[in-house]
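Report on one structure; see the data block that follows.
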Amino acid sequence: MKHHILVVEDEEKLRRVIELHLRSRDFEVEQAATAEDGLKKVDRADLVITDLKLPGMDGLELLAQIRRQNSVIPVIVMTAFGTIEVAVEAMKAGAVDFLLKPFSLDHLTTVVNKALEVRALRDENRQLREELGRRYEFDNIIGRSPPMQEIFATIMRVAPTRATVLLAGETGVGKDLIARAIHFHSPRRDRPFVKINCTALPENLMESELFGYEKGAFTGAATSKPGKFEQADTGTALLDEIGDVPPSIQVKLLRVLQERELERLGSNKTRLIDVRVIAATNRDLREALEQGAFREDLYYRLNVVPINIPPLRDRKPDIPFLAEHFVSKLRSDSGSQVEKITEAGMRKLVEYYWPGNVRELENVIERSLVMATGKELDAEDIQLESALRPRGAGADFAIPNGMTLESYEQEIIREALKRADGNKSQAARALGLTRNALRYRLTQMGLES
(Lines give C-alpha, C1' and ligand atoms only; values in the text may rest on other atoms or scores of the structure.)
Protein backbone atom coordinates (compact mmCIF):
# COMPACT_ATOMS: atom_id res chain seq x y z
CA MET A 1 0.00 0.00 0.00
CA LYS A 2 1.34 3.45 -0.93
CA HIS A 3 2.08 5.95 1.83
CA HIS A 4 0.00 9.13 1.74
CA ILE A 5 1.97 12.35 2.34
CA LEU A 6 0.49 15.80 2.98
CA VAL A 7 2.63 18.80 1.94
CA VAL A 8 1.72 22.15 3.53
CA GLU A 9 3.66 24.97 1.81
CA ASP A 10 2.47 28.44 0.71
CA GLU A 11 5.06 28.76 -2.06
CA GLU A 12 3.35 27.07 -5.00
CA LYS A 13 6.49 26.31 -7.02
CA LEU A 14 8.26 24.52 -4.15
CA ARG A 15 5.07 22.71 -3.21
CA ARG A 16 4.74 21.41 -6.77
CA VAL A 17 8.42 20.32 -6.95
CA ILE A 18 8.06 18.34 -3.70
CA GLU A 19 4.84 16.75 -4.94
CA LEU A 20 6.30 15.65 -8.28
CA HIS A 21 9.43 14.26 -6.67
CA LEU A 22 7.55 12.26 -4.03
CA ARG A 23 5.12 10.91 -6.64
CA SER A 24 8.13 9.74 -8.66
CA ARG A 25 9.18 7.80 -5.53
CA ASP A 26 5.80 6.02 -5.47
CA PHE A 27 4.15 8.10 -2.73
CA GLU A 28 0.62 9.48 -2.87
CA VAL A 29 0.78 13.24 -2.28
CA GLU A 30 -1.79 15.84 -1.31
CA GLN A 31 -1.14 19.59 -1.15
CA ALA A 32 -2.27 22.47 1.03
CA ALA A 33 -1.26 26.15 0.81
CA THR A 34 -2.34 27.00 4.36
CA ALA A 35 -2.33 25.31 7.74
CA GLU A 36 -6.11 25.68 7.95
CA ASP A 37 -6.54 23.77 4.68
CA GLY A 38 -3.96 21.21 5.75
CA LEU A 39 -5.84 20.40 8.96
CA LYS A 40 -8.84 19.29 6.89
CA LYS A 41 -6.67 16.69 5.13
CA VAL A 42 -4.55 15.40 8.04
CA ASP A 43 -6.68 12.33 8.76
CA ARG A 44 -5.82 10.87 5.34
CA ALA A 45 -2.06 11.33 5.80
CA ASP A 46 0.65 8.92 6.94
CA LEU A 47 3.15 11.79 7.11
CA VAL A 48 2.97 15.60 7.07
CA ILE A 49 5.64 17.93 5.66
CA THR A 50 4.99 21.55 6.58
CA ASP A 51 6.72 24.88 6.27
CA LEU A 52 7.03 26.78 9.55
CA LYS A 53 6.30 30.18 8.02
CA LEU A 54 2.73 30.13 6.70
CA PRO A 55 0.01 32.76 6.18
CA GLY A 56 -2.51 32.75 9.01
CA MET A 57 -1.81 29.83 11.35
CA ASP A 58 1.95 29.13 11.37
CA GLY A 59 3.70 25.74 11.22
CA LEU A 60 4.22 25.46 14.98
CA GLU A 61 0.51 25.93 15.68
CA LEU A 62 -0.28 23.43 12.91
CA LEU A 63 2.07 20.94 14.57
CA ALA A 64 0.30 21.45 17.90
CA GLN A 65 -3.11 20.97 16.27
CA ILE A 66 -1.95 17.76 14.54
CA ARG A 67 -0.61 16.43 17.83
CA ARG A 68 -4.01 17.06 19.45
CA GLN A 69 -5.85 15.49 16.51
CA ASN A 70 -3.63 12.47 15.87
CA SER A 71 -0.50 12.01 17.97
CA VAL A 72 0.93 9.19 15.84
CA ILE A 73 1.28 11.09 12.55
CA PRO A 74 4.95 12.07 12.05
CA VAL A 75 5.54 15.70 11.09
CA ILE A 76 8.60 17.02 9.24
CA VAL A 77 9.09 20.80 9.32
CA MET A 78 10.77 22.94 6.66
CA THR A 79 12.54 26.15 7.57
CA ALA A 80 14.92 28.71 6.11
CA PHE A 81 18.53 28.90 7.31
CA GLY A 82 17.95 31.96 9.44
CA THR A 83 15.20 30.34 11.53
CA ILE A 84 17.01 27.22 12.69
CA GLU A 85 16.08 28.03 16.32
CA VAL A 86 12.42 27.71 15.37
CA ALA A 87 13.14 24.28 13.86
CA VAL A 88 14.70 23.21 17.17
CA GLU A 89 11.58 24.48 18.96
CA ALA A 90 9.45 22.42 16.56
CA MET A 91 11.50 19.28 17.33
CA LYS A 92 10.88 19.84 21.03
CA ALA A 93 7.17 20.20 20.27
CA GLY A 94 7.05 16.80 18.57
CA ALA A 95 8.34 17.13 15.00
CA VAL A 96 10.30 14.03 13.95
CA ASP A 97 12.81 15.88 11.74
CA PHE A 98 13.41 19.13 9.86
CA LEU A 99 14.56 20.20 6.41
CA LEU A 100 16.74 23.28 6.10
CA LYS A 101 15.98 25.26 2.94
CA PRO A 102 17.34 24.94 0.36
CA PHE A 103 17.52 21.12 0.50
CA SER A 104 18.25 18.51 -2.14
CA LEU A 105 15.50 16.18 -3.30
CA ASP A 106 17.65 13.17 -2.39
CA HIS A 107 17.88 14.49 1.16
CA LEU A 108 14.11 14.97 1.18
CA THR A 109 13.66 11.30 0.21
CA THR A 110 16.04 10.17 2.96
CA VAL A 111 14.26 12.19 5.65
CA VAL A 112 10.81 11.01 4.51
CA ASN A 113 11.85 7.33 4.46
CA LYS A 114 13.43 7.62 7.89
CA ALA A 115 10.29 9.21 9.36
CA LEU A 116 8.07 6.50 7.86
CA GLU A 117 10.36 3.77 9.22
CA VAL A 118 10.08 5.29 12.69
CA ARG A 119 6.29 5.36 12.36
CA ALA A 120 6.25 1.73 11.20
CA LEU A 121 8.30 0.69 14.26
CA ARG A 122 5.97 2.62 16.58
CA ASP A 123 2.90 1.07 14.95
CA GLU A 124 4.45 -2.37 15.27
CA ASN A 125 5.30 -1.74 18.92
CA ARG A 126 1.78 -0.53 19.65
CA GLN A 127 0.31 -3.55 17.90
CA LEU A 128 2.55 -5.87 19.91
CA ARG A 129 1.54 -4.17 23.14
CA GLU A 130 -2.15 -4.50 22.29
CA GLU A 131 -1.69 -8.14 21.32
CA LEU A 132 0.41 -8.99 24.35
CA GLY A 133 -2.01 -7.10 26.57
CA ARG A 134 -4.49 -9.87 25.81
CA ARG A 135 -1.97 -12.56 26.76
CA TYR A 136 -1.08 -13.35 30.34
CA GLU A 137 1.17 -16.34 29.73
CA PHE A 138 4.15 -16.03 27.45
CA ASP A 139 6.36 -19.09 27.01
CA ASN A 140 5.63 -20.17 30.62
CA ILE A 141 6.27 -16.63 31.88
CA ILE A 142 3.19 -15.40 33.73
CA GLY A 143 2.49 -11.69 33.98
CA ARG A 144 -0.48 -9.33 33.90
CA SER A 145 1.32 -6.42 35.54
CA PRO A 146 2.45 -3.50 33.33
CA PRO A 147 6.18 -4.21 33.95
CA MET A 148 5.81 -7.77 32.65
CA GLN A 149 3.75 -6.68 29.66
CA GLU A 150 6.59 -4.26 28.83
CA ILE A 151 9.05 -7.15 29.05
CA PHE A 152 6.90 -9.34 26.75
CA ALA A 153 6.84 -6.54 24.17
CA THR A 154 10.61 -6.11 24.44
CA ILE A 155 11.17 -9.84 23.94
CA MET A 156 9.17 -9.79 20.71
CA ARG A 157 10.99 -6.67 19.52
CA VAL A 158 14.53 -7.84 20.27
CA ALA A 159 14.22 -11.57 19.51
CA PRO A 160 14.50 -11.31 15.68
CA THR A 161 17.72 -9.29 15.97
CA ARG A 162 21.20 -10.44 17.00
CA ALA A 163 21.55 -7.68 19.62
CA THR A 164 23.20 -8.62 22.91
CA VAL A 165 20.75 -8.55 25.84
CA LEU A 166 21.52 -7.95 29.52
CA LEU A 167 18.94 -9.38 31.93
CA ALA A 168 19.07 -7.87 35.42
CA GLY A 169 17.07 -8.93 38.44
CA GLU A 170 17.18 -10.72 41.75
CA THR A 171 17.64 -14.47 42.01
CA GLY A 172 14.47 -16.35 41.17
CA VAL A 173 12.72 -13.71 39.03
CA GLY A 174 12.85 -15.84 35.85
CA LYS A 175 15.89 -14.58 33.92
CA ASP A 176 16.48 -18.06 32.47
CA LEU A 177 12.92 -18.27 31.12
CA ILE A 178 13.18 -14.86 29.50
CA ALA A 179 16.50 -15.75 27.87
CA ARG A 180 14.95 -18.92 26.42
CA ALA A 181 11.93 -16.96 25.19
CA ILE A 182 14.25 -14.58 23.32
CA HIS A 183 16.09 -17.53 21.76
CA PHE A 184 12.98 -19.47 20.74
CA HIS A 185 11.40 -16.41 19.12
CA SER A 186 14.55 -15.71 17.12
CA PRO A 187 15.77 -17.03 13.73
CA ARG A 188 18.17 -19.18 15.81
CA ARG A 189 15.37 -21.13 17.46
CA ASP A 190 16.47 -24.42 15.82
CA ARG A 191 20.12 -23.90 16.74
CA PRO A 192 21.81 -24.60 20.11
CA PHE A 193 20.89 -22.78 23.31
CA VAL A 194 23.80 -23.15 25.74
CA LYS A 195 23.48 -21.96 29.33
CA ILE A 196 26.77 -21.13 31.04
CA ASN A 197 26.54 -20.82 34.83
CA CYS A 198 29.49 -18.56 35.58
CA THR A 199 29.28 -19.13 39.35
CA ALA A 200 29.54 -22.91 38.91
CA LEU A 201 32.85 -22.70 37.01
CA PRO A 202 36.02 -22.51 39.16
CA GLU A 203 38.25 -19.65 38.01
CA ASN A 204 41.11 -21.99 37.05
CA LEU A 205 38.78 -23.99 34.77
CA MET A 206 36.65 -21.15 33.40
CA GLU A 207 38.88 -20.31 30.43
CA SER A 208 39.05 -23.89 29.16
CA GLU A 209 35.32 -24.43 29.71
CA LEU A 210 34.30 -21.26 27.88
CA PHE A 211 36.82 -21.25 25.04
CA GLY A 212 37.89 -24.90 24.80
CA TYR A 213 41.38 -26.40 24.76
CA GLU A 214 43.76 -28.38 22.58
CA LYS A 215 45.29 -31.73 23.39
CA GLY A 216 48.26 -31.25 25.71
CA ALA A 217 47.27 -27.70 26.69
CA PHE A 218 47.55 -28.71 30.36
CA THR A 219 48.06 -31.81 32.44
CA GLY A 220 45.17 -34.18 31.84
CA ALA A 221 44.16 -32.68 28.46
CA ALA A 222 44.33 -36.01 26.62
CA THR A 223 42.11 -34.80 23.75
CA SER A 224 41.00 -31.52 22.25
CA LYS A 225 37.66 -30.17 23.41
CA PRO A 226 35.47 -27.30 22.13
CA GLY A 227 34.32 -24.77 24.71
CA LYS A 228 30.82 -23.55 25.48
CA PHE A 229 30.96 -20.77 22.89
CA GLU A 230 31.85 -23.20 20.12
CA GLN A 231 29.02 -25.46 21.26
CA ALA A 232 26.68 -22.50 20.93
CA ASP A 233 27.94 -21.56 17.44
CA THR A 234 25.07 -20.31 15.20
CA GLY A 235 22.84 -20.32 18.30
CA THR A 236 22.56 -18.49 21.63
CA ALA A 237 24.78 -18.48 24.71
CA LEU A 238 23.34 -17.45 28.07
CA LEU A 239 26.04 -16.16 30.42
CA ASP A 240 24.30 -16.57 33.76
CA GLU A 241 25.60 -14.47 36.67
CA ILE A 242 28.00 -12.56 34.43
CA GLY A 243 28.90 -10.29 37.35
CA ASP A 244 30.92 -13.12 38.93
CA VAL A 245 33.31 -13.54 35.98
CA PRO A 246 36.90 -12.66 37.00
CA PRO A 247 38.73 -9.81 35.22
CA SER A 248 41.11 -12.15 33.37
CA ILE A 249 38.16 -13.82 31.65
CA GLN A 250 36.32 -10.54 31.04
CA VAL A 251 39.03 -9.53 28.55
CA LYS A 252 38.49 -12.69 26.52
CA LEU A 253 34.70 -12.29 26.63
CA LEU A 254 35.10 -8.80 25.24
CA ARG A 255 36.97 -10.24 22.25
CA VAL A 256 34.16 -12.73 21.59
CA LEU A 257 31.60 -9.91 21.63
CA GLN A 258 33.65 -7.42 19.61
CA GLU A 259 35.45 -9.61 17.10
CA ARG A 260 33.26 -12.74 17.18
CA GLU A 261 36.34 -14.88 17.44
CA LEU A 262 38.27 -16.89 20.04
CA GLU A 263 41.31 -19.08 20.54
CA ARG A 264 41.27 -22.37 22.39
CA LEU A 265 43.61 -22.79 25.33
CA GLY A 266 46.94 -24.06 23.99
CA SER A 267 46.27 -22.92 20.42
CA ASN A 268 47.20 -19.90 18.29
CA LYS A 269 44.48 -20.63 15.76
CA THR A 270 41.72 -18.03 15.63
CA ARG A 271 38.23 -19.50 15.32
CA LEU A 272 35.33 -17.40 14.04
CA ILE A 273 32.02 -17.95 15.81
CA ASP A 274 28.46 -16.71 15.29
CA VAL A 275 26.86 -16.60 18.74
CA ARG A 276 24.07 -14.41 20.04
CA VAL A 277 24.96 -13.57 23.65
CA ILE A 278 22.45 -13.02 26.44
CA ALA A 279 23.92 -12.15 29.84
CA ALA A 280 22.14 -12.32 33.19
CA THR A 281 23.05 -10.92 36.58
CA ASN A 282 21.60 -10.46 40.05
CA ARG A 283 24.35 -7.96 40.87
CA ASP A 284 24.33 -4.24 40.22
CA LEU A 285 26.96 -4.09 37.47
CA ARG A 286 27.17 -0.30 37.69
CA GLU A 287 28.23 -0.66 41.31
CA ALA A 288 30.78 -3.29 40.22
CA LEU A 289 32.07 -0.74 37.66
CA GLU A 290 32.54 1.85 40.40
CA GLN A 291 34.44 -0.70 42.51
CA GLY A 292 36.67 -1.66 39.58
CA ALA A 293 35.41 -5.27 39.62
CA PHE A 294 33.87 -5.16 36.15
CA ARG A 295 35.26 -3.77 32.89
CA GLU A 296 33.46 -0.72 31.57
CA ASP A 297 33.98 -1.68 27.91
CA LEU A 298 32.54 -5.16 28.53
CA TYR A 299 29.56 -3.67 30.40
CA TYR A 300 28.61 -1.49 27.45
CA ARG A 301 29.04 -4.40 25.03
CA LEU A 302 26.64 -6.48 27.13
CA ASN A 303 24.18 -3.68 27.91
CA VAL A 304 22.98 -3.13 24.32
CA VAL A 305 19.39 -4.06 25.21
CA PRO A 306 18.85 -4.01 28.99
CA ILE A 307 15.83 -5.81 30.45
CA ASN A 308 15.30 -5.19 34.16
CA ILE A 309 13.02 -7.82 35.68
CA PRO A 310 11.26 -6.54 38.81
CA PRO A 311 11.08 -8.70 41.95
CA LEU A 312 7.79 -10.45 42.64
CA ARG A 313 6.96 -8.12 45.56
CA ASP A 314 6.92 -5.21 43.07
CA ARG A 315 4.38 -6.89 40.80
CA LYS A 316 1.84 -8.22 43.26
CA PRO A 317 -0.99 -8.36 40.67
CA ASP A 318 0.88 -11.29 39.08
CA ILE A 319 0.93 -13.39 42.27
CA PRO A 320 -2.62 -14.85 42.02
CA PHE A 321 -2.09 -15.88 38.39
CA LEU A 322 1.31 -17.38 39.14
CA ALA A 323 -0.09 -19.25 42.14
CA GLU A 324 -2.98 -20.69 40.10
CA HIS A 325 -0.55 -21.62 37.33
CA PHE A 326 1.66 -23.55 39.77
CA VAL A 327 -1.33 -25.32 41.33
CA SER A 328 -2.42 -26.50 37.87
CA LYS A 329 1.13 -27.44 36.89
CA LEU A 330 2.18 -29.27 40.08
CA ARG A 331 -0.92 -30.92 41.55
CA SER A 332 -0.80 -34.08 39.43
CA ASP A 333 2.88 -34.76 40.22
CA SER A 334 2.27 -34.21 43.92
CA GLY A 335 -0.84 -36.43 43.95
CA SER A 336 -2.87 -33.55 45.35
CA GLN A 337 -6.64 -33.15 45.10
CA VAL A 338 -6.41 -29.34 45.41
CA GLU A 339 -8.47 -27.53 42.78
CA LYS A 340 -8.15 -23.92 43.93
CA ILE A 341 -6.73 -21.53 46.50
CA THR A 342 -9.15 -19.94 48.95
CA GLU A 343 -9.47 -16.18 49.31
CA ALA A 344 -7.65 -16.28 52.67
CA GLY A 345 -4.89 -18.42 51.17
CA MET A 346 -4.44 -16.06 48.25
CA ARG A 347 -4.38 -13.05 50.57
CA LYS A 348 -1.57 -14.69 52.55
CA LEU A 349 0.43 -15.24 49.36
CA VAL A 350 -0.09 -11.68 48.12
CA GLU A 351 0.92 -10.10 51.44
CA TYR A 352 4.15 -12.09 51.72
CA TYR A 353 7.47 -10.36 50.87
CA TRP A 354 8.84 -13.13 48.56
CA PRO A 355 12.62 -12.73 49.02
CA GLY A 356 13.09 -15.76 46.73
CA ASN A 357 10.73 -14.38 44.08
CA VAL A 358 8.91 -16.64 41.60
CA ARG A 359 11.13 -19.62 42.38
CA GLU A 360 10.19 -19.40 46.06
CA LEU A 361 6.50 -19.11 45.19
CA GLU A 362 6.69 -22.29 43.11
CA ASN A 363 8.42 -24.13 45.97
CA VAL A 364 5.83 -22.91 48.48
CA ILE A 365 2.92 -24.03 46.27
CA GLU A 366 4.53 -27.44 45.69
CA ARG A 367 5.11 -27.97 49.42
CA SER A 368 1.58 -26.80 50.25
CA LEU A 369 0.03 -29.18 47.71
CA VAL A 370 1.88 -32.11 49.26
CA MET A 371 0.67 -31.21 52.76
CA ALA A 372 -2.93 -30.21 51.93
CA THR A 373 -5.66 -32.79 52.51
CA GLY A 374 -8.71 -31.16 50.93
CA LYS A 375 -9.66 -29.72 47.56
CA GLU A 376 -8.85 -26.17 48.58
CA LEU A 377 -5.55 -24.61 49.59
CA ASP A 378 -6.31 -22.49 52.63
CA ALA A 379 -4.12 -20.07 54.59
CA GLU A 380 -3.16 -22.68 57.20
CA ASP A 381 -1.99 -25.03 54.42
CA ILE A 382 0.54 -22.47 53.18
CA GLN A 383 3.76 -22.47 55.21
CA LEU A 384 6.05 -19.51 54.64
CA GLU A 385 9.62 -19.61 55.86
CA SER A 386 10.32 -15.96 56.63
CA ALA A 387 6.96 -14.26 56.65
CA LEU A 388 7.16 -10.53 56.09
CA ARG A 389 10.93 -10.28 56.73
CA PRO A 390 12.73 -8.20 54.11
CA ARG A 391 16.04 -9.71 53.11
CA GLY A 392 18.96 -8.41 55.13
CA ALA A 393 16.71 -6.48 57.52
CA GLY A 394 17.64 -8.57 60.57
CA ALA A 395 15.43 -10.42 63.01
CA ASP A 396 11.77 -11.35 62.66
CA PHE A 397 9.29 -8.60 63.30
CA ALA A 398 5.59 -7.88 63.23
CA ILE A 399 4.20 -4.97 61.28
CA PRO A 400 3.14 -2.26 63.77
CA ASN A 401 -0.55 -1.65 64.17
CA GLY A 402 -1.97 0.92 61.78
CA MET A 403 0.74 0.38 59.16
CA THR A 404 0.43 -1.38 55.84
CA LEU A 405 3.16 -3.60 54.39
CA GLU A 406 3.91 -0.84 51.85
CA SER A 407 4.24 1.92 54.47
CA TYR A 408 6.38 -0.30 56.69
CA GLU A 409 8.68 -1.14 53.78
CA GLN A 410 9.07 2.60 53.09
CA GLU A 411 9.95 3.16 56.74
CA ILE A 412 12.65 0.47 56.54
CA ILE A 413 14.09 2.08 53.39
CA ARG A 414 14.22 5.53 55.00
CA GLU A 415 15.97 4.08 58.06
CA ALA A 416 18.51 2.23 55.89
CA LEU A 417 19.30 5.45 53.98
CA LYS A 418 19.64 7.36 57.24
CA ARG A 419 22.10 4.81 58.65
CA ALA A 420 24.06 4.88 55.37
CA ASP A 421 24.21 8.72 55.43
CA GLY A 422 22.28 8.81 52.15
CA ASN A 423 24.65 6.41 50.32
CA LYS A 424 22.27 4.40 48.11
CA SER A 425 24.76 1.61 47.36
CA GLN A 426 25.35 0.99 51.08
CA ALA A 427 21.64 1.20 51.87
CA ALA A 428 20.83 -1.25 49.06
CA ARG A 429 23.37 -3.76 50.40
CA ALA A 430 21.96 -3.44 53.92
CA LEU A 431 18.47 -4.14 52.58
CA GLY A 432 19.57 -7.04 50.39
CA LEU A 433 18.56 -5.16 47.24
CA THR A 434 20.34 -4.16 44.06
CA ARG A 435 20.97 -0.43 43.67
CA ASN A 436 18.51 -0.37 40.74
CA ALA A 437 15.82 -2.04 42.86
CA LEU A 438 16.34 0.55 45.61
CA ARG A 439 16.16 3.41 43.08
CA TYR A 440 12.91 1.94 41.72
CA ARG A 441 11.38 1.97 45.22
CA LEU A 442 12.63 5.50 45.89
CA THR A 443 11.00 6.63 42.64
CA GLN A 444 7.70 5.09 43.77
CA MET A 445 8.12 6.92 47.09
CA GLY A 446 8.77 10.22 45.26
CA LEU A 447 12.31 10.43 46.64
CA GLU A 448 14.23 9.81 43.41
CA SER A 449 14.30 12.36 40.59
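Here are the numbers for this structure:
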{"read-out": "Yes/no for LEU47 being over 30 Å from PHE152 (Cα atoms) and surrounded by 14 or more Cβ atoms within 10 Å (Cβ to Cβ)", "value": "no"}
{"read-out": "Residue match in segment 334-346 (condition: surrounded by fewer than 18 Cβ atoms within 10 Å (Cβ to Cβ), of a type in the set (D, E, K, R) and either closer than 24 Å to PRO147 by Cβ or within 23 Å of the chain's Cα centre (by Cα) (or both))", "value": "no"}
{"read-out": "Of residues in segment 99-110 being under 20 Å from LEU62 (Cα atoms) and surrounded by fewer than 19 Cβ atoms within 10 Å (Cβ to Cβ), the one nearest to the chain's Cα centre (by Cα)", "value": "LEU100"}
{"read-out": "In segment 189-216, the residues that are within 15 Å of GLY266 (Cβ to Cβ) and surrounded by fewer than 17 Cβ atoms within 10 Å (Cβ to Cβ)", "value": "ASN204, LEU205, LYS215, GLY216"}
{"read-out": "Of the criteria (1) of a type in the set (S, T, N, Q); (2) buried (at least 19 other Cβ atoms within 10 Å of the Cβ); (3) closer than 20 Å to ALA120 by Cβ, which one ASN70 fails", "value": "(2)"}
{"read-out": "Residue in segment 158-171 that is over 12 Å from the mean Cα position of the chain (by Cα) and within 26 Å of ARG313 (Cα to Cα) present", "value": "yes"}
{"read-out": "Selection from segment 53-87 of residues that are in a strand (DSSP E or B) and at pLDDT 90 or above", "value": "VAL75, ILE76, VAL77, MET78"}
{"read-out": "Residue list for segment 43-52, filter: of a type outside the set (Asp, Glu) and part of a helix (DSSP H, G or I)", "value": "ARG44"}
{"read-out": "Some residue of segment 35-42 being modelled with pLDDT under 90, in the same structural domain as VAL118 (by TED's automatic domain parsing), surrounded by 14 or more Cβ atoms within 10 Å (Cβ to Cβ) and farther than 24 Å from ALA120 by Cβ", "value": "no"}
{"read-out": "Hits in segment 191-214 (condition: out of contact with any helix residue (DSSP H, G or I) (no Cβ under 9 Å at 6 or more places or on another chain) and in contact (Cβ under 8 Å) with a residue 12 or more places away in the chain)", "value": "ASN197, SER208, GLU214"}
{"read-out": "All positions within segment 256-276 that are under 26 Å from ALA288 (Cα atoms) and surrounded by 16 or more Cβ atoms within 10 Å (Cβ to Cβ)", "value": "VAL256, LEU257, LEU262, VAL275, ARG276"}
{"read-out": "Among (1) in contact with a Lys or Arg (Cβ under 7 Å, 6 or more places away or on another chain); (2) part of a loop (DSSP other than H, G, I, E, B); (3) in contact (Cβ under 8 Å) with a residue 12 or more places away in the chain, the one test that PHE218 misses", "value": "(1)"}
{"read-out": "Residues satisfying the stated conditions in segment 42-98, i.e. among the polar types (S, T, N, Q) and within 29 Å of the chain's Cα centre (by Cα)", "value": "ASN70, SER71"}
{"read-out": "Filter pass, PRO306 being buried (at least 16 other Cβ atoms within 10 Å of the Cβ) and within 30 Å of ASP244 (Cα to Cα)", "value": "no"}
{"read-out": "Residue within segment 116-133 that is in a helix (DSSP H, G or I), at pLDDT 85 or above and not small (Gly, Ala, Ser) present", "value": "yes"}
{"read-out": "Any hit, segment 352-365, residues being at positive phi and in contact (Cβ under 8 Å) with a residue 12 or more places away in the chain", "value": "yes"}
{"read-out": "Within segment 85-105, considering residues that are in contact with a strand residue (DSSP E or B) (Cβ under 7 Å, 6 or more places away or on another chain) and of a type in the set (Val, Ile, Thr), the one nearest to ARG25 (Cα to Cα)", "value": "VAL96"}
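The values are calculated or read from the model by the stated rules, or taken from the named source; none is laboratory data. Since this is a predicted model, take the numbers as computed values, not measurements. Cβ atoms come from the backbone with ideal geometry, glycine included; neighbour counts cover every protein chain shown.
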